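One structure is given here, and the rest of the page talks about it.
The values are calculated or read from the model by the stated rules, or taken from the named source; none is laboratory data. Being a predicted model, the structure only gives us computed values, none of them experimental. Because the Cβ atoms are built from the backbone with ideal geometry, glycine has one as well, and the counts that use them run over all protein chains shown. These area figures cover heavy atoms from the full protein model, side chains too; ligands, DNA and RNA do not enter into them. Shrake-Rupley method; radii C 1.70, N 1.55, O 1.52, S 1.80 Å.
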Amino acid sequence: VQLQASGGGLVQAGGSLRLSCAASGGTFSNYHIGWFRQAPGKEREFLGAISRSSSTYCPDPVKGRFTISRDNAKNTVYLQMTSLKPEDTAVYYCAASGSQYASLLTLVTAYGYWGQGTLVTVSS
């Protein structure tokens, strides 16, 4: 499956942005989709995931600000981000996992397919 993330850009602190992850070349509904970000000099950070059955999980640092949803008819997953902060500035990636174990979806290594990333810049 090929993934393409889009929707990044420049936004002021406190603003909102919705990222999209469009999939092609596979049976999209068979995959869990995760979102990660990577800021310069930092490790890739898990932001949340949505399972094949559309269950979602977001870790505490972004819970309440970030929401994940999927539209299988459009082969697209969305990351809705609100109350953005300058420290949210990073390249954002989506990734697909065929793992049987949802508990592993917080791990970079659970994902076999990655999009190219989209840059989000939050100005203060």
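Tabulated data
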| item | result |
| --- | --- |
| Residue list for the range 59-109, filter: assigned to a helix (DSSP H, G or I), charged (D, E, K, R) and closer than 14 Å to TRP35 by Cα | ASP88 |
| Residue that is nearest to SER51 (Cα to Cα), among those in the range 91-104 that are in contact with a Ser or Thr (Cβ under 9 Å, 6 or more places away or on another chain) and open to solvent by less than 50 Å² (accessible area, probe 1.4 Å) | CYS94 |
| Leading residue by the ranking (surrounded by the fewest Cβ atoms within 10 Å (Cβ to Cβ)) among those in the range 40-62 that are out of contact with any His (no Cβ under 8 Å at 6 or more places or on another chain) and of a type in the set (Lys, Arg) | LYS42 |
| Condition broken by GLY112, with the remaining ones in (1) within 23 Å of GLY14 (Cα to Cα); (2) free of Cβ contacts under 8 Å to residues at least 60 places away in the same chain; (3) surrounded by fewer than 19 Cβ atoms within 10 Å (Cβ to Cβ); (4) not charged (D, E, K, R) satisfied | (1) |
| Pairs with Cβ under 7 Å, 6+ apart, first in the range 1-29 and over 14 Å from VAL91 (Cα atoms), second aromatic (Phe, Trp, Tyr) and open to solvent by 50 Å² or more (accessible area, probe 1.4 Å) | VAL1/TYR113; LEU3/TYR113; LEU3/TRP114 |
| Residue within the range 34-47 that is touching a helix residue (DSSP H, G or I) at 6+ places or on another chain (Cβ under 7 Å), without any contact (Cβ under 8 Å) to a residue 60 or more places away in the chain and either of a type outside the set (Gly, Ala, Ser) or within 17 Å of THR106 (Cα to Cα) (or both) present | no |
| Qualifying residues in the range 72-90 (those that are charged (D, E, K, R) and more than 18 Å from LEU3 (Cβ to Cβ)) - the one most open to solvent (accessible area, probe 1.4 Å) | GLU87 |
| Residue count, the range 1-39 (criterion: of a type outside the set (Gly, Ala, Ser), open to solvent by 30 Å² or more (accessible area, probe 1.4 Å), more than 20 Å from LEU119 (Cβ to Cβ) and touching a strand residue (DSSP E or B) at 6+ places or on another chain (Cβ under 7 Å)) | 1 |
| Neighbours by Cβ (under 6 Å, 6+ apart or cross-chain): first from the range 62-81, touching a residue at least 60 places away in the same chain (Cβ under 8 Å); second of a type in the set (Ser, Thr, Tyr) | TYR78/SER20; TYR78/SER69; GLN80/THR67 |
